[in-house]
Amino acid sequence: MSLAAGWLSAGQFWAADEPSQLLPAREQMALTLGFHIVLVPFGVAFTFMMLIANYRWLRRGDADALLLARRWSQVAAVLFAVGAVSGTVLSFELGLLWPGLMGRFGAAYGIPFAIEGLFFFLEAIFVAIYIFGWDRMRPWPHFWTGVPVVLSGVGGTLSVIAANGWMNQPAGFTLRDGVVVDVRPLGVIFNRAFWYEAMHMLLAAYMVAGFLVAGVYAAGLLKGRRDRHHRLGLAIPFSVAAVATPVQIFVGDVAARAVFENEPAKFAAIEALPRTGTHVPEILGGVMIDGRLRYGIEIPNGASLLSGFSPSTRIRGLEAIPAQVRPPDHLVTMVHLAFDLMVGIGFALLALSASFAWSWWRRRAVPENRWLLRAVAISGVLALIALWAGWVVTEVGRQPWTVVGYLLTRDAVTTTGNVWLFFTATMVIYAVVGVATFLVLRLLQQRWQRQEEAEGGDADVPYGPSRARGSAATRSGA
Amino acid sequence: VSTLAAVLLFAGVVAYAVLGGADFGAGFWDLTAGGAEAGRRPRHLIDATLAPVWEANHVWLIFCLVMLWTAFPSVFAAITTTLYVPLGLAALGIVVRGSGFAFRKVVVRTDQQRVVGAAFAASSVITPFFLGAVAGGIASGRVPARGYGDPLTSWTNPTSLLGGVLAVLACAFLAAVFLVAEAIRRHDADLEAWFRRRAVLIAAATGIVVLAGIAVLHADAPRLFNGLLGRGLVLVVASGLCGLAALVLLPRAAPHLLQLLAVAAVVAVVLGWGVAQYPNMLGTHTTISQAAAPTATLWALTIVATAALLLVVPSMALLFTLQQRGHLDHA
């Protein structure tokens, strides 16, 4: 499944002498990528949770787990389809909106996408076998057809992030007179940004999918559906996300230091640091006005300590960037605030995971504290916001470059046609498809609730589904 | 090695034409199946047949795009900056079609099914039309090497319109034949007859359009015309014979033979196009070696494609086998 490899826009960046197509092209890429990136965690990580539930049923005969796995695979089927086609649009857009990038650098930039294509193939094939194989395949072989889905999700993520990392840290090619004359494929793939960006995104996918799905069941628990089905539906995805969270914070810290080392311009924007210096404070929040960050909360020496473990660590400021490619104030503000938002949410989710784990450790059960459940219910949306924010940091933080140091975004954009028209049509269709996706998932949920009520209702049976349904489910899955 | 990359790319085009084409064609029959009551059974068969395979078949398109922009970047940019109207519409058509299909599997109320079903079916006809028009624009040499060709006449010309119409018809023909086989597998004699009748009609219509197309190409794309009747002649004749044989045998023949003939007819005509314009990438100009990426890129692609061959082909065979044996049906 295709992942984030793009541009984001929120207004006119380089107002003067900017090609007229740049703004609509950026907006369109932002819209379609922002849409697609929501579906990515479901293709990549949700399938893993589905397999956990499936495994639990196979090993322990847990009928609730089976029901979850079957329902989740129905949800995955819908979201995978929308993700597949919205990813295809991104492929078209690379050529339709950014011919300057593809025509000049396709020979290098394209290689990771070729590998991603291979993984997408495997994922599409096995996801179909898994989703449609419930009734007629034997349980264990059926389970194993789900494993390639999870693995190719990981592989696909790594491939697309390799392409994105390459835009931030281009490597593995030789340019002569502006033409790519030689390519070192491994150099392209394993560019300097590859590992930290890839791990960061992969973990983000597991967090978003985990917290979002757990949130749905937390909402159910809050509404009084306190049966085992809902507890398990919360416990499985939440556990995955809660394990991923501390690892993510560690990886994020490593990534931030790598950006400090390798991408000084982006780091200066993240810190909103006008001048190069030592003893740089970490400023939380704030707005860039006339080249200075105002109204933020200052932590003395913070940025220097975090970057190099010493107050005397020297950090390059925005002044070190040549004036003609220096990001304007409002862009710096955007990157800086997006970074703070991402980190803030990350720590909030860490606290939530920890309090949940503490409660579990003491009571060996899914907590019933309403405030904790409310927090879980909104945790998925927060994780999604953090994902978007992180993507803004990477992509807006790269501007005005598309391929850092080699290709300006204004030289990558198409110079023909009317992108506003294309953008408008896309907006309408995506709005309809987005709303329809939501409604279709709600429809599924309501149908399942009606089924439960018709069958005597799990809501009345605190610790398990009705006997009849449990055995029927076991039979039909066998 | 640049020729090898071009062959791999073209193999992807052929695979997408057949596998993706049959899926688009199923949408054509869905669209023309009549009202909710009359069309219920054919639509149900289409739904059950398409659901497990369409996404895997769709990936061939991604394969083609990725191969094209990596192995022949300038050609990709030339095509997208010229044919952006039909390509943009095809991209949006793909979104509507895929989502519409996935939604229809979930909703159960007839009025809701009608809306999402119509979205799926209509975009299943529109999308191959635009892709066919793109092929026609390329084949008739209307995409300049440096791109930014005429945004309108590059796809509103006679060859493009022929390509679009032929694509829709060929998809519908393939789908009808595949659905005949699927109806037989499910022991549904009514539906078998339903699709056999329609396959005959569409095969005849395709034949007529092809005959008319000869005149169109002669007038509008003489170089393509000469290529097809020169180097490509064997393939064109083979395609015609397969199509004709399928048409004649349609009322009775075994489904496997029909499928073979239908696939062969489509493969041969697409191959004919490739052979006719070889070694040009953009119809009449820009040779494979002129447009090719550096050698290391091409080798990397060859390795990835070989890995794909080793992994994807058996997986796909598994998917199709499971489907043929009914392992992916609902209980």
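The values are calculated or read from the model by the stated rules, or taken from the named source; none is laboratory data. All of these numbers come straight from a predicted model, not from anything done at the bench. Please note: Cβ atoms are built from the backbone with ideal geometry, for glycine as well, and neighbour counts cover all protein chains shown. Protein only, heavy atoms only, side chains kept; ligands, DNA and RNA dropped before computing areas. Shrake-Rupley method; radii C 1.70, N 1.55, O 1.52, S 1.80 Å.
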Find out how many positive minus negative residues lie around B:P279, taking Lys and Arg as positive, Asp and Glu as negative, among other residues whose Cβ is under 14 Å from that of B:P279. +2
Take the alpha carbon atoms of the range A:289-328, find their center, do the same for the range A:149-208, and report the distance between the two centers in whole angstrom. 27
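For the ranges B:147-155, B:134-142, A:30-38, what's the packing order if you count other beta-carbon atoms within 10 Å of each residue, average per peptide, and put the highest first? Don't skip to the end; give the middle numbers.
On the way: B:147-155: 18.8, B:134-142: 25.9, A:30-38: 21.4.
Highest to lowest by the protection proxy: B:134-142, A:30-38, B:147-155.
Roll a 1.4 angstrom probe over the protein heavy atoms and tell me the percent of accessible area of chain B that is carbon or sulfur.
Here it works out to 73 percent.
Report, please, the projected area of the range B:1-83 averaged over directions, based on the convex hull of its C-alpha atoms, in nm². Kindly include the intermediate steps, with their values, before the conclusion.
On the way: hull surface 26.5 nm².
If I average the Cα hull's projected area over directions, I get 6.6 nm².
How many percent of the alpha carbon pairs in chain B exceed a separation of 25 Å? Mind dumping the intermediate values first?
Values: 28062 of 54615 pairs.
That fraction is 51 percent.
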With label points built 7 Å along Cα→Cβ from the Cα atoms of B:R185 and A:R60, find their separation and express it in nm. 3.8
With a Förster distance of 41 angstrom and the Cβ-Cβ distance between B:L244 and A:V147, calculated FRET efficiency to the nearest 0.05 equals 0.30
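Can you pull the percent of Cα pairs in the range A:141-261 with separation above 21 Å?
Values: 4066 of 7260 pairs.
For the range A:141-261, the fraction of Cα-Cα distances above 21 Å is 56 percent.
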Everything considered on the Cα gyration tensor (a ≥ b ≥ c; rounded for a/c under 1.5, else prolate if a/b is larger than b/c, else oblate), the range B:178-331 must be described as oblate
Do you know the relative contact order of the range A:249-372, to the nearest whole percent, from alpha carbon pairs under 8 angstrom that are 6+ apart? 25
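Over all alpha-carbon pairs in chain A, figure out the percentage whose distance exceeds 39 Å.
Working: 30339 of 114003 pairs.
In whole percent, the long-distance tail amounts to 27.
Other chains near B:302-315: what is the mean number of their Cβ atoms within 10 Å of each residue's Cβ? Walk me through the intermediate numbers first.
Numbers: counts 0, 3, 9, 3, 0, 3, 7, 1, 0, 7, 7, 1, 1, 9.
Counting Cβ atoms of other protein chains within 10 Å of each residue's Cβ and averaging gives 4.
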Against the longest principal axis of chain B, how steep is helix B:189-220, in degrees 0 to 90 to the nearest 10, with axes from Cα atoms? 20
Just how much of A:M342 is accessible, in Å², when a 1.4 Å probe is used and the result is rounded to the nearest 10? 40
Taking beta carbons within 10 Å but only from partner chains, what does the mean come to for residues B:80-91? 6
Find out how many positive minus negative residues lie around A:F35, taking Lys and Arg as positive, Asp and Glu as negative, among other residues whose Cβ is under 13 Å from that of A:F35. -2
Just for the protein assembly as shown, what percent of DSSP beta bridges are antiparallel, to the closest 5? 100
P(r) histogram, all alpha-carbon pairs of the range B:39-105 included - 5 Å bins from 0, percent: 3, 14, 18, 21, 16, 11, 9, 6, 3, 0
Quick check: the angle from helix A:467-477's long axis to the longest principal axis of chain A, C-alpha only, nearest 10 degrees? 60
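Taking Cα pairs under 8 Å and at least six residues apart, what relative contact order does chain A come out at, in percent? If you can, show how the numbers build up before the last one.
Numbers: 762 pairs, mean separation 97.4, N = 478.
This gives 20 percent for chain A.
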Can you give the FRET efficiency to the nearest 0.05 for B:R197 and B:V7, using r as the Cβ-Cβ distance and R₀ = 60 Å? 0.95
Keeping all protein chains in place, calculate the accessible area per residue for chain A (probe 1.4 angstrom), answer in Å². 38
Please give the total accessible area that chains B and A bury against each other, computed with a 1.4 Å probe and expressed in Å² to the nearest 100. 5300
Separation of alpha-carbon centers, the range B:1-62 and the range A:70-94, rounded to whole Å: 17
At 0.890 mPa s and 25 °C, plugging the Kirkwood radius over alpha-carbon pairs of the range A:83-139 into Stokes-Einstein gives what diffusion coefficient in µm²/s? 182
What percent do you get for the relative contact order of chain B when only Cα pairs under 8 Å and 6+ apart count? 24
How would the range A:277-426 be classified by its alpha-carbon gyration tensor: rounded, prolate or oblate, with rounded meaning a/c under 1.5 and the a/b versus b/c comparison settling the rest? oblate
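Assuming R0 = 60 Å, what is the FRET efficiency of B:R41 and A:Y295, from their Cβ-Cβ distance, to the nearest 0.05?
Working: r = 67 Å, r/R0 = 1.11.
Taking R0 as 60 Å, the efficiency between B:R41 and A:Y295 is 0.35.
Shape verdict for the range B:76-218, please, from the Cα gyration tensor: rounded (a/c under 1.5), prolate (a/b greater than b/c) or oblate. Kindly include the intermediate steps, with their values, before the conclusion.
Details: a/c = 3.22, a/b = 1.46, b/c = 2.21.
Here the range B:76-218 falls in the oblate category.
From the helices alone, meaning DSSP H stretches of at least four residues, give me the mean residue ellipticity at 222 nm for the protein assembly as shown, per-run term -39500 (n - 2.57), in deg cm²/dmol to the nearest 500. Mind showing how you got there, number by number?
Values: 30 runs with 593 residues, N = 809.
Taken over the protein assembly as shown, the calculation gives -25000 deg cm²/dmol.
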Whole-Å distance linking the alpha carbon centroid of the range B:283-330 with that of the range B:190-245 is 27
What number does the protein assembly as shown give for Rg over Rh if you use C-alpha atoms and the Kirkwood radius? 0.98
What is the helix-to-structure angle for B:158-185, meaning the angle in degrees between its Cα long axis and the longest Cα principal axis of chain B, kept from 0 to 90 and rounded to the nearest 10? 40
